[in-house]
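First the structure, in the form of structure tokens, and then the observations on it.
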Amino acid sequence: MSQRSVLSIHTGQCGVQMGKSVWELYALEHDISYDGTRYVPDPDMLGTNYDNFQTFFYETANGSYVPKALFIDSEPTVMDALRQGTVGELIHEDWMLNNNQDCRNVMGLAWYPTFCGEQFHDLVRSQTRRLREVCDSLSGCIYFHSSSGGTGPGFGCRVLQSMRESDPKSVNYAVCNSISPTISGNPLETYNNIAYLGLTRFDNLNMNMHVLYDNEALYRQCYKIYGSQFKPSYENCNQLVAMSTSSWTASLRFDGQLNVDLNEFETNLVPIPTLNLMFTSLAPLAMDEDKEIISTKEITLCAFTPEAHQCSVDCFAYANKWPEEEEEDVWPAAPWMENDEAEDNRKKVEDQGGKVKDTQWCISHKFLSSCFMYRGDLMPASVNRAMQKLNEKRRPEFVAWVPSGFKVGINSPPLRTPEDWFMSDISRSLTCIVNNTVISEKLKYIVRNYRLTEQLQAYKLFTEIGGMEQSLLDSSRTGICNAIDQYNTCMSVKTEIDEVKAKLEGRPEEIGVY
């Protein structure tokens, strides 16, 4: 068995459907059929790349290979579709758990055992413990869920609590589908996001790293690939998430040069524990039909455009002014929404040396860290030239107290996709995990929406029916505001100052949830 193991926890409808696409791709890349049989095309490769597949798979008594993954949902519909789907035979039946009632998009109904029952919560804890016992050396867990749903963040936090109790030093990363800026399928998503961030970032249930996606950015990528007439589905969005997840976990499953263990992701990407929200960028999305192979420079430059970001942010935009008073009604436009006013303000910034009063565009966002995961037949020399060209054309700014820049890794196996997917194989690709202060723009939207709904006294059923305490929501909002202030501090500091770094490393006061 592998010397390191990674568990995948899929909770809620979003997490389960993402897991279906993720494990379809994992199985294809490691030549494992959907019935668990593994085919090795070249026996000479045994002992190199093909040994590392056991990081995510384990061998059963009958010789088949099963994912080290746990699937949880509060109602049987989505889980039955998974059982009857392509990977239904690949996943062990013991690791697919469902209850018989829906949590109705209220996180409190999944987090507290009153609604789903203590028996189902005990089953989730026991199966989590059993799955841990399958691994001889656990490197950490990757959680797949929506941070704005009900079952996903609720049971995701419960599994995280179980992992923390059994191993307080365990490494836990979350792949979250977060709030979209202009589209919403759940009127309670702001409350769910507030509660989820309060549990996983500002309390004892600390998630080491969050990788954020949103459907709006994924829709734009689908339109980029197939044009505006294409009608993307959730399955298409999940396939894009699976492709980026496969790329940033490739160094765990193959012989890579960067991030060969989950601990190294946190070391390279999270300089301060509280600033652990980041997003991914995938390139190329659309290739020129006249070109057989896209160059490394084109891939690198493409990855740093807003179209390549899988979250609705623009890391090269100016920061929105954060209102000091909670009662301020005026809220600036999002940085990716280009308009005449934004362009005029940018010109004012340039004309007056970057010091403009009474303008929403006052300072540019900065990078805290970034990991580049290249896949394909790439040479280190071409990657170095592409990085130089990126610095010349895009001029990324890093915070002053972070001495290192981009981390780069190369994995020779290219990105492959199943035949029934809407994208074809990519011979050369790049996936970036970016920790940038621009993620504070999403936090500003969450706080603003929460403040507005509280003023209107809307959706009181979240606290009355869902059981989530109002003090948890208020404390979480305070923690998010503190995180926004920390990101603003990162953007404004010009030199490395010990006092500022000490202030950023200070953790918010813990909030009670029991």
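The values are calculated or read from the model by the stated rules, or taken from the named source; none is laboratory data. These numbers were taken from a predicted model, which means no experiment stands behind them. In this analysis, Cβ positions are derived from the backbone assuming ideal geometry, glycine residues included, and neighbour counts consider all displayed protein chains.
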Residue within the stretch 84-107 that is without any contact (Cβ under 8 Å) to a residue 40 or more places away in the chain and among the basic types (Lys, Arg) present: no
Any hit, the stretch 128-137, residues being hydrophobic (A, V, I, L, M, F, W, C) and under 17 Å from the mean Cα position of the chain (by Cα): no
Unmet requirement for Trp421, which otherwise passes all of (1) modelled with pLDDT of 85 or more; (2) in contact with a strand residue (DSSP E or B) (Cβ under 9 Å, 6 or more places away or on another chain): (2)
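If you go through the stretch 231-254 one residue at a time, do you hit one that is basic (Lys, Arg), surrounded by 18 or more Cβ atoms within 10 Å (Cβ to Cβ) and closer than 27 Å to Pro414 by Cβ? Spell out how you get there, then give the answer.
Taking the stretch 231-254 as the starting set, the residues that turn out to be basic (Lys, Arg) are 231, 253.
Checking the rest, the ones that are also surrounded by 18 or more Cβ atoms within 10 Å (Cβ to Cβ) come to 253.
Now restrict to residues that are closer than 27 Å to Pro414 by Cβ: 253.
Yes, because at least one residue in the stretch 231-254 is basic (Lys, Arg), surrounded by 18 or more Cβ atoms within 10 Å (Cβ to Cβ) and closer than 27 Å to Pro414 by Cβ.
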Segments classed as helices (runs of 4 or more DSSP H), wholly inside the stretch 448-514, with at least 1 members that are among the hydrophobic types (A, V, I, L, M, F, W, C), modelled with pLDDT of 75 or more and surrounded by 14 or more Cβ atoms within 10 Å (Cβ to Cβ): 470-492
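Run down Thr200, Thr190 and say which single residue is crowded, with 24+ Cβ neighbours inside 10 Å, of a type in the set (Ser, Thr, Tyr) and modelled with pLDDT of 90 or more. Don't jump to the end; show me each part of the working.
On the way: Thr190 fails: modelled with pLDDT of 90 or more.
That would be Thr200, the only listed residue that is crowded, with 24+ Cβ neighbours inside 10 Å, of a type in the set (Ser, Thr, Tyr) and modelled with pLDDT of 90 or more.
Restricting to the stretch 78-115, and then to whatever is of a type in the set (Phe, Trp, Tyr) and over 18 Å from Leu131 (Cα atoms), can you tell me which residue is surrounded by the fewest Cβ atoms within 10 Å (Cβ to Cβ)? Please lay out each step first, then the result.
Applying the first criterion (of a type in the set (Phe, Trp, Tyr)) to the stretch 78-115 yields 95, 111-112, 115.
Next, only the ones that are over 18 Å from Leu131 (Cα atoms) stay: 111-112, 115.
Values: Trp111: 29, Tyr112: 16, Phe115: 22.
Looking at the filtered set, the residue picked out is Tyr112.
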Cβ pairs under 6 Å, 6+ apart, first in the stretch 294-323 and under 28 Å from Val447 (Cβ atoms), second of a type in the set (Gly, Ala, Ser) and modelled with pLDDT under 90: Tyr318/Ser364
Close pairs (9 angstrom Cβ cut-off, 6 or more residues apart or separate chains): in contact (Cβ under 8 Å) with a residue 40 or more places away in the chain in the stretch 230-241, small (Gly, Ala, Ser) anywhere: Glu235/Ser21; Asn238/Gly19; Asn238/Ser21; Gln239/Ser21; Leu240/Ser21; Val241/Ser21
